[in-house]
């Protein structure tokens, strides 16, 4: 369920969204607040520096970013519905409701000093602006006049007939495992933990300072509640969030985060708590690894990809123009806290991207985990929280078995790179347009074709992997991929792979389910044939 509230300023969209989120147990995104968080300045300041055109450009990017979220309440800015692109994005899979309001009520409710478009704010100006937007608001699916209604009354009307998000009946039971590195740390997997995480975090926090690093969207969804809970528990917090996506995974972002933390006086006893998916996890982990020559780290992953893979094992890093993760470090966390209830809101493409790494773990480990992926596919795709606990914990156990004893990726841990050589090359060649897990899924299929051509893997083994990818909605070939670069461009990017040695490329191939192996002598023509 996704509900989008549109309407004129003063209609109560933000207040109603927050109350509705409480009634339906759904997270809330406010587009204006997200723009302010991203820009680091107020709406009037954005208008003063960038003009209305600059504000609207930011608004379009925000709306694109949230368009495919599920199970969320969205309060759209007053002018967002006017833009045709925004209208199309806001209504994707959503119930769009216009909160109407009279000009007189706007005059009473709105402080025009904070509303650049109402400079001087006469009621006549309000009426003129409302008339200009009236036809756009009329395109919403339904309307509620809020003029004479309280926030509670509007929220209750909207909630009528809606089923609240189901509570996690097992939310009080957190399942844990140990990652046996030096020093060892715990991975805790549960549900609905982000509202009050301080109790879990306090068992490893050594000082009273905590720095929360996140991206702008995740900060909107959960960041404030994490920060506020830490403050209630007596911790002093510093927060830094940045615009997410692969474009933000750079040394520049690491330096900006370090500036923020150093200006606020963090020391070596401060923990960095990273909240978000793979990009915040890598950026925040890199900050922790290099700041003051290393400070403690806690990972709180909110995407499937991060929960099953990138938050575990201590690899952190950022991208370089020549490839993914070319600049990085090994920096193990003190704790990983995975809340599977965050997976309910992920866009479908992002959720399936995480499944690419899940399937990778299944094929390099084989056994009962792979069988679970076959048997519970429908429950996994339906995001059943109990099954997702098993998926996340099972993937983490598999990854731990490869990381243990090989933290620096010089031996057995290399098997975790199955599908990554070509997958990372695909991501680089595509300029970040193809999600990591999707690229890895395709990379596994290509590695399976190489394995078959090298007489390592049977045709049946290759088809088994391809069938699994297709059953989870992941591509196995270039024709299946939108925005896929050509085979020649992918091969060019393979040259910059981190695993390359003087003697040539080191490939992780597959002899069968649960039987990955290293191969150093794959002819280039075999790779090229496999891409075709």
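Every number in this text was worked out from the coordinates using simple rules, so none of it is lab data. Predicted, not measured: the structure shown is a model, and the values here were computed from it. Because the Cβ atoms are built from the backbone with ideal geometry, glycine has one as well, and the counts that use them run over all protein chains shown.
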Show log10 I(q)/I(0) for the stretch 286-398 at q = 0.15, 0.24 Å⁻¹, two decimals, from a solvent-free Debye sum over equal Cα scatterers.
-0.70, -1.32
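Run through the DSSP bridge list for the stretch 175-346 and note the antiparallel percent, rounded to the nearest 5. Please list the in-between numbers first.
On the way: 10 of 34 bridges.
The antiparallel proportion sits near 30 percent.
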Between the alpha carbon centres of the stretch 27-75 and the stretch 233-259 the gap in Å comes to 18 Å
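Counting DSSP beta bridges in the chain, what percent are antiparallel, to the nearest 5?
Looking only at bridges with both residues in the chain, the antiparallel portion is about 30 percent.
Quote the relative contact order of the chain in percent (integer), defining contacts as alpha-carbon pairs under 8 Å separated by 6+ residues. Don't jump to the answer; show the numbers that get you there.
Numbers: 984 pairs, mean separation 60.8, N = 532.
Once normalised by length, the contact order is 11 percent.
Using only helices, what value at 222 nm comes out for the chain when you add -39,500 (n - 2.57) per DSSP H run of length 4 or more and divide by the total residues, to the nearest 500 deg cm²/dmol? Kindly include the intermediate steps, with their values, before the conclusion.
Working: 20 runs with 230 residues, N = 532.
Computed ellipticity for the chain at 222 nm equals -13500 deg cm²/dmol.
Regarding the stretch 2-42, what is the average projected area of its C-alpha convex hull, in nm²?
On the way: hull surface 12.9 nm².
For the stretch 2-42, averaging the hull's shadow over all directions gives 3.2 nm².
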Binning every alpha carbon pair distance of the chain at 10 Å from zero, what are the percents per bin?
4, 18, 27, 25, 17, 8, 2, 0
Given Cα pairs under 8 Å that are at least 6 residues apart, what percent is the relative contact order of the stretch 402-531?
28 percent
In what sequence, highest mean first, do 356-368, 398-410 appear when ranked by Cβ atoms within 10 angstrom?
356-368, 398-410
log10 of Debye I(q)/I(0), alpha-carbon scatterers only, for the stretch 2-159 at 0.12, 0.13 Å⁻¹:
-0.47, -0.56
Over the alpha-carbon set of the stretch 195-324, work out the extent along each principal axis and list the three values in angstrom, largest first.
44, 30, 26
Along Cα→Cβ, 7 Å out, is where each label goes; now give me the distance between the ones at residue 371 and residue 177 in nm to one decimal.
1.7 nm
Rounded to whole Å, √(5λ) for the Cα gyration tensor eigenvalues of the stretch 402-531, largest first, gives 20, 18, 15
Measure nothing but the geometry: give the 0 to 90° angle between the long axis through the Cα atoms of 385-403 and the longest principal axis through the Cα atoms of the chain, rounded to 10°.
40 degrees
Averaging sequence separations of C-alpha pairs under 8 Å and six or more residues apart, then dividing by the length of the stretch 175-346, give the relative contact order as a whole percent.
25 percent
